[in-house]
Amino acid sequence: MTEHLPSLDPSDWADFRASAHRLLDACIDHLSNAGDHPWRPVPDDIRTSYTIGPTQDIDSLSDRLAREVLPYGVGNTHPKFFGWVHGTGLASGILSEMVAATMNANCGGRDHGAVYMERAVVDWARGVFGFPDTASGLLVAGTSQATVIALAAARARALGPEVVAQGMGGVQLVAYAGAGVHNAAKKALALLGIGGNALRLIPDGSEGMDTEQLRNVVARDRAEGRVPFALIGTAGSVDLGRFDNLDRLADIAAAENLWLHVDGAFGAWLAIAGEKWEGRTKGIGRADSLACDFHKWMYVPYDCGMVIIADETWHRAAFAARPSYLEGQTRGVAGGDPWYCDYGVDLSRGNRALKVWTALTAYGPEQLGAAIAGNCDRAAEMGALVTADPHMALLAQVETNLCVFTADARLSHDRQSALNRQIAQDLQMSGEAVFSTVDINGVTGLRAAITNHRTRPHHVEEAIAAVARARDTKDGDT
Ligand SMILES: *Cc1c(COP(=O)(O)O)cnc(C)c1O
């Protein structure tokens, strides 16, 4: 009788296998021809067809996934996608995501393969950045979430573990960061009840944040009864790819008894990019915590970030709390301490470690590091092309992998800004290249953040030629 009970498993695995193989081929075709697939708007009829409707058999559903879903990504797999800071994915991700979906592991804890793999990934990263062997780490959705976890640990150290139960009791904590800090820091402070306004922005000096001014502001906060608790260093600012001098920040954090958190979302990975670049991250291993992403400059498919906490005590103080139904055991599935639910917000967690482990095993830090260094070379090449153009101009020096420029420096600031915005949109719509925009010193410039291992020198040349063409057409219009 039981075979007549309804089941969510395929009624015919052979049919499922044939459909899945066809879909896998479509995915591989798509990625192996990434240059043919720029961003394009989702056509109206396809968008409306996404409304949840009647069921479909797996065979026609697979075809629909290939035809009506696969083509309408963000475009960040394309070699001329430079917008924002978007990771570009890896073929190894097709393999790891397939296996992860099949295993469907819940990585909140317990004793199973994915948990050991996450430990291996964190161990490896700890070694790369020079954190002590006792540092704890967790894979999370991204640097935004990692920042919340890091600052929660910092708050527990500043106010004692009681803060978790009792709240802050009116104490005004204050944090400090350079002017180019990512908004994720403010969001984290807001979420932790410290308040976004508790983030003091310190203007830039010659090497990132001006540390003279920092010390003055800290002293003033103390004198006025507030409690300075965290210093946030940036390793790779989102607007220009700038770095704070992390060694100097570590000295100040030690002297002022501040928790040093480093936002290294993408820039931390310069640590594996070879001699020319690794110096930028010097001192990163002296931080109390680090937040970074695997999904940006390590190219791993979304989503995957990581937090490392140098002293596990504060990591646990902020998050460990297990009721009896989650009690650990010495043997069986309930073994495997530490459990990752004791290190963060989530209890149920997907298998993020597998895609990182697969990428590290397929390409190794050398190849990944070479791709990162290559991205900086592409940004420098773009900078040189901009400088060589009679009318374009850089809006800031190319420091690492970001190139921010204006298409026509002859125009007034307002007209440059309008032109650059239009060019960004036109090139996105035509599929020629994706730049984003950013405001630098009163001008909205075109911004290329190159975290794209598919970008070759000719792609950079074509993209800048497209900007020049778009500008010259516009100039003809006016
Ligand atoms: C992207 C970014 C963040 C936010 O990280 P998510 O992974 O998007 O949550 C924080 N800081 C910097 C410097 C970034 O580039």
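Structure above, values below:
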| quantity | calculated |
| --- | --- |
| Charged-residue dipole, Cβ positions (Lys, Arg, Asp, Glu), the chain about Cα centre, Debye nearest 20 | 860 |
| Dipole magnitude of region 408-474 about its Cα centre (Cβ charges: Lys, Arg +1; Asp, Glu -1), debye to nearest 20 | 40 |
| Cα lying deepest toward the dipole's positive end in the chain, options A184, G332, A223, charges on Cβ | A223 |
| Euclidean distance of C-alpha centroids, region 40-91 and region 344-371, integer Å | 24 |
| R331, R126, R215, reordered so the largest accessible area comes first (probe 1.4 Å) | R331, R215, R126 |
| Full-extension gain in nm, H112 to D25, via 0.36 nm per residue minus C-alpha separation | 28.2 nm |
| Positive-end extreme of charge dipole, the chain - chosen from Y50, V262, I28 (charges on Cβ) | V262 |
| Pairwise label distance in nanometres, H391 with Q367, each label 7 Å out on the Cα-Cβ vector | 4.3 |
| Length-normalised contact order for region 1-98 - Cα pairs under 8 Å, 6+ apart - percent | 35 |
| Gain on full stretching of the segment that runs from R220 to W84 - 0.36 nm per residue minus C-alpha separation | 45.3 nm |
| Cα centroid separation - region 143-221 against region 411-478, whole Å | 35 |
| E162 versus L70: modelled label distance in nm, points set 7 Å from Cα along the beta carbon direction | 6.0 |
| Under the span-like rule (Cα at least 27 Å along the axis, Kyte-Doolittle mean at least -1.0), DSSP H helices of the chain | 13-32, 353-388, 457-477 |
| Cross-link reach list, aspartates and glutamates versus K187, counting only Cα pairs under 15 Å and skipping chain neighbours closer than eight places | D263 |
| Dipole-positive endmost among L201, M382, F319 within the chain (Cβ charges, Cα centre) | L201 |
| Proximal lysines to K474, defined as alpha-carbon separation beneath 26 angstrom and excluding residues fewer than eight positions away on the same chain | K80 |
| Placed amide H near D439: partners under 5 Å, 5+ positions off or other chain | G445 |
| Computed helical MRE - 222 nm, the chain, DSSP H runs ≥ 4 contributing -39500 (n - 2.57), nearest 500 | -13500 deg cm²/dmol |
| Taking region 162-287 and dividing mean pair separation by its residue count, relative contact order in percent (alpha carbons under 8 Å, at least six apart) | 23 |
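The values are calculated or read from the model by the stated rules, or taken from the named source; none is laboratory data. Everything numeric in this text was worked out from a predicted model, so none of it was measured. Cβ: placed from backbone, ideal geometry, glycine included. Neighbour counts: every protein chain shown. In case anyone asks, the SASA skips ligands and DNA or RNA and just uses the protein heavy atoms, side chains included. Shrake-Rupley method; radii C 1.70, N 1.55, O 1.52, S 1.80 Å.
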